[in-house]
Each structure stands twice: as C-alpha cells, then as structure tokens.
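One structure is given below, encoded as structure tokens.
The values are calculated or read from the model by the stated rules, or taken from the named source; none is laboratory data. Since this is a predicted model, take the numbers as computed values, not measurements. Note that we place each Cβ from the backbone using ideal geometry, even for glycine, and neighbour counts take in every protein chain shown.
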Amino acid sequence: NAGVTQTPKFRVLKTGQSMTLLCAQDMNHEYMYWYRQDPGMGLRLIHYSVGEGTTAKGEVPDGYNVSRLKKQNFLLGLESAAPSQTSVYFCASSYFPYEQYFGPGTRLTVT
Amino acid sequence: ILNVEQSPQSLHVQEGDSTNFTCSFPSSNFYALHWYRWETAKSPEALFVMTLNGDEKKKGRISATLNTKEGYSYLYIKGSQPEDSATYLCALGPGGTSYGKLTFGQGTILTVHP
C-alpha cells in the first residue's frame, strides 16, 4: 500500500497564478484533510471531507477551495496564489475518530 | 478556535534520561486526544488516540495518560534514545458538530543527546 501520496512535492508559483494539489489514499478512509504548516504556527486545518462528495471548512479556509469527487482523492486548489500562501501543505486521511495518516507534504513558494 | 497548549516548547535531554511533556486543552466538548511524533523531513505519525478519562496507552518506551476532567494529557518517554528526537504533537478532537476537526498544539521539540 502506498498510504497517502501528494502531488507535487515542490512548486514555485508567481502571485496570481493558480494550481491544484492532489492527495490520494489507498486505505479506503472516509475522512480526508488538508493542513498547512508554518513556522511557529503548528499544523492548521484548511478544509476537510467526511466522505465522497462532501467538504467542510477548517480553521484557515480563505483563499483555498477543495473537491472530493472520488473517495480516494482530495484536491486542494489555489485560484489566485498570494505570498501568504507560501507554506508546507500536508494531506491526511483517517477512519474517524482514529489516528490520521499523513502524506509526505508539498512545499509551495509563492513569489 | 480551541486552545491546545503544549509545554515545554523544547527539551534537551541526555541519552538514557526519562522525560515527559504536557498537553493542555479545554475540558468541555472533548471527544478524543491524539499524540503524533514528527521527525524532521518526515510526516507526522500517530502514537496514540485516547478518548476516555483515565486512559493510559503504551507503545514500547512511550506512554501517555489522559485526564479529560481537568483537561490535560502527559506523554512519557522512558530511557530516551537519540532516535526519539522529534517534535511531539498533541491534537484535540472535539465532539458535537465539529467532529473530525483536529486542533493541534504547537508541539514539543525533543532533542536527545548521545
């Protein structure tokens, strides 16, 4: 099993550009999550999903959109990237309320 | 926004020392308390998930306790080894309509010196 995978691993964007981060899991988990990790801020939840076709806002959802069209995939979109979105993004999945399994992270720089 | 606090922020110990750190959280609206271990350049990995007051969990030299009435959890490492060096995160899972949303603490950075 690959577990949780994220694509891409690194990306540099210019302000105003758009991009989509892909998260895939092969553990048949219902719940999936997107976090961002910034120095001194810990892990903060952006959006999450409790099942295929559902999404919900987390702690810091502004500037991001998500979609869960298939159970195994959770996409995070940035429509118009801003330097404040420079961060490391982690995807995770779980059987609620059990432990979350994290992907390897995507390092995004917005210039 | 729930306030999950971890202390200390960082800790340096010698190989063989035993150590412990604290996670504090609001005791109302509690559902679950998670502990994760996060090594540099890797992803967080789950250590424990605890849901009941008085829960104690153990994995090798690492153990954790939970007090939901007073809102704290302790993580203990017995006989620390250099490979235990990592950031230890706790996260609160609330109940009610916010189920599924974990709020993470800032973490305790542990460095074990050989």
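Structure notes:
- Search result, residues across the stretch A:37-46 that are in contact with a Phe, Trp or Tyr (Cβ under 7 Å, 6 or more places away or on another chain) and more than 10 Å from chain B (Cβ to nearest Cβ): A:Ile46
- Meets criteria (surrounded by 15 or more Cβ atoms within 10 Å (Cβ to Cβ) and within 14 Å of another protein chain (Cβ to nearest Cβ)) for A:Ala56: yes
- Conditions (1) within 27 Å of B:Glu5 (Cβ to Cβ); (2) modelled with pLDDT under 95; (3) crowded, with 17+ Cβ neighbours inside 10 Å; number of the one not met by A:Ser49: (1)
- Of all residues in the stretch A:1-40 being assigned to a strand (DSSP E or B) and among the hydroxyl-bearing types (Ser, Thr, Tyr), the one that is nearest to A:Thr54 (Cα to Cα): A:Tyr31
- All positions within the stretch A:57-111 that are without any contact (Cβ under 8 Å) to a residue 60 or more places away in the chain, in a loop (DSSP other than H, G, I, E, B), over 18 Å from A:Arg11 (Cα atoms) and not β-branched (Val, Ile, Thr): A:Gly58, A:Glu59, A:Pro61, A:Asp62, A:Arg68, A:Leu69, A:Lys70, A:Lys71, A:Gln72, A:Pro97, A:Tyr98, A:Glu99
- Residue that is surrounded by the most Cβ atoms within 10 Å (Cβ to Cβ) [pool: residues in the stretch A:67-92 that are under 15 Å from A:Leu43 (Cβ atoms) and out of contact with any Cys (no Cβ under 8 Å at 6 or more places or on another chain)]: A:Ala92
- The combined condition, being within 13 Å of another protein chain (Cβ to nearest Cβ) and surrounded by fewer than 21 Cβ atoms within 10 Å (Cβ to Cβ), is fulfilled by A:Tyr95.
- Residue selected from the stretch B:42-78 under the condition of a type in the set (S, T, N, Q) and without any contact (Cβ under 8 Å) to a residue 24 or more places away in the chain, by the criterion nearest to B:Ser27 (Cα to Cα): B:Asn67
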